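Rule-based calculations on the coordinates, nothing more; no lab input. Here the structure is a predicted model, which means the values were calculated and not measured. As a convention, Cβ positions derive from the backbone with ideal geometry for all residues, glycine included, and neighbour counts pool all protein chains shown.
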């Protein structure tokens, strides 16, 4: 393509509402323009990147045996009512009515629609296994859209849905999709990790997320540098940090701790390590009738509650933090001094794994200005239920026993789920097995955020000059920048000839024929992030050389004009092969 035939609209400054680098650079490079909060138009350069991402996804999905189809963006409410998600989904689900006051939704995902299709078309085990996928627009009405396309309301997603006879078949389909996703992100040249994840609102028996590693990522990833273990913070298992409980060595003692309402301050005031303190959190689970059921969660003073883990404790699926009135009623104290000893109302005590092995610890005394020292299980507190309740921290033992975990940030770009029969049972989606008996189809679902990948790649690859695209995602693989293209016949002829040769060789090349000054040309293409640049100038042509430079390099190299086409083709192909290994 020639630049004069494209649509280049670069900006020197980013809009004031652009909070993250990817948003700033996508606007400045002319990839997107904002229409409304969380809704963007993709300009030609942005669309070129999207199409390259989609092509990689299609090639790998097809290679894995998935079959592409296309489902509607607008879906009838009846399907979502069958699964119960019409009521369960919050305001992120955009509900609409047609002229006949019939309820519909703008799809955030398509489990219901694909299950409806399967129950109508799949009748026999002989049709299984099968895996359908689509690349389609989605809409989720985010409360506060932010970070450009990273947390938008309208976006493009690849979603796939597998159907199998049994759990063993689902595992094979899941593994095939996991392998396909791994290859997709390798081909895109992204540094990523697959992590164990929570299933969230989709449901199912197991899932893994794919995260692009970036310091600006919203998600926290717990991983072991010496093994393959990795998990989202929400799902990362936290082993007990004490191998066993020691014998108590001190008596229980109530001590004054005036105005010390945080574990850090209490520990400092008493001259004890923070790891000797226990924080008490009062949670409430509302009941259909009567007062809420109260739970007190005990964590070591230097640990934080993992709310996802807590929600999986029996009775706490829909918990909330207790109100001030509930705290006063149960503990006769204000937060900061509450603890598990001497409660005034029935409260279920649950302890984190590490707390369960602590001895001689400090906790609130349920009296303002006082704490207990020397608290021990069995003697001062009855033994209680034990759960993994805390967030993992760097230096924890890895759950696979292969070392210590570390923490990094990531941007979720893909998610694979083992759904099982959750949707097929709710929607009566069955097939006839070899004995002619009706069985529920066993499902998996697999998503990739297509447009989100653009933002994630930029968050991972950029510098002070602009975007640094991986060659497989870039809008163009190489740009030819001719000096005085509109005034020098020699330069124009050499640039046009190189452009024609590269185009014939299958290189995705753009020729900047705008006649702009060198500084303007270089700044534009560095901002846009084209991986390679060749500069054709009259001075170099006299010596029969041109300048070749990689986007991530600071210095150019001189390449003989006679060799440049072969050199570029070899370099571009080598870059593609390198990132896919």
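General remarks:
- With respect to the chain, whose longest principal axis is taken over its alpha-carbon atoms, helix 564-580 is tilted by about 20°.
- Cα-derived Rg to Rh of region 280-413, Kirkwood definition: 1.00
- Ordering 548-561, 19-32, 262-275 by mean Cβ neighbour count within 10 Å, with the highest value first, yields 19-32, 262-275, 548-561.
- Sorting 171, 88 from the fewest to the most surrounding beta carbons within 10 angstrom yields 88, 171.
- Cα point-scatterer Debye curve for region 208-257, base-10 log of I(q)/I(0) at q = 0.25, 0.30 Å⁻¹: -1.10, -1.24
- Fewest neighbouring Cβ atoms within 10 Å first, the residues 483, 521 line up as 483, 521.
- Put a dot 7 Å past the Cα of residue 484, heading toward its Cβ, do the same for residue 123, and the two dots end up 7.7 nm apart.
- Both radii are taken from the alpha-carbon atoms of the chain; with Rh as the Kirkwood radius, Rg/Rh is 1.07.
- Förster radius 25 Å - calculated FRET efficiency between residue 92 and residue 323, Cβ distance, rounded to 0.05: 0.40
- Calculated log₁₀ intensity ratio I(q)/I(0) where the Debye formula runs over C-alpha points of region 288-338, q = 0.25, 0.31 Å⁻¹: -1.16, -1.28
- Semi-axis lengths (Å, descending) of the ellipsoid that matches the C-alpha gyration tensor of region 476-580: 20, 16, 13
- Structure-based [θ]222 nm, the chain - -39500 (n - 2.57) summed over DSSP H runs of at least 4, per residue, nearest 500: -8000 deg cm²/dmol
- Where only alpha carbons of region 233-343 are counted, the Rg and the Dmax (Å): 15.6, 46
- By the count of other C-beta atoms within 10 Å, a proxy for reagent exposure, 219, 524 are ordered fewest to most as 219, 524.
- Computed Kirkwood radius, in angstrom, where 1/r is averaged over Cα pairs of region 336-423: 16.8 Å
- Principal axis analysis of the Cα atoms in region 1-129 yields extents of 57, 39, 28 Å, listed in decreasing size.
- Taking 0.36 nm per residue of separation and subtracting the current Cα-Cα distance, fully stretching the chain between residue 228 and residue 36 would add 65.0 nm.
- Per residue, the average separation of C-alpha pairs within less than 8 Å and at least 6 apart gives region 253-387 a relative contact order of 28 percent.
- Förster radius 30 Å - calculated FRET efficiency between residue 51 and residue 73, Cβ distance, rounded to 0.05: 0.95
- Computed from the C-beta positions of residue 573 and residue 12, the FRET efficiency with R₀ = 35 Å rounds to 0.50.
- Contact order relative to length of region 476-580, as percent, for alpha carbon pairs under 8 angstrom and 6 or more apart: 29 percent
- Relative contact order of the chain: 17 percent, from C-alpha pairs under 8 Å at least 6 residues apart in sequence.
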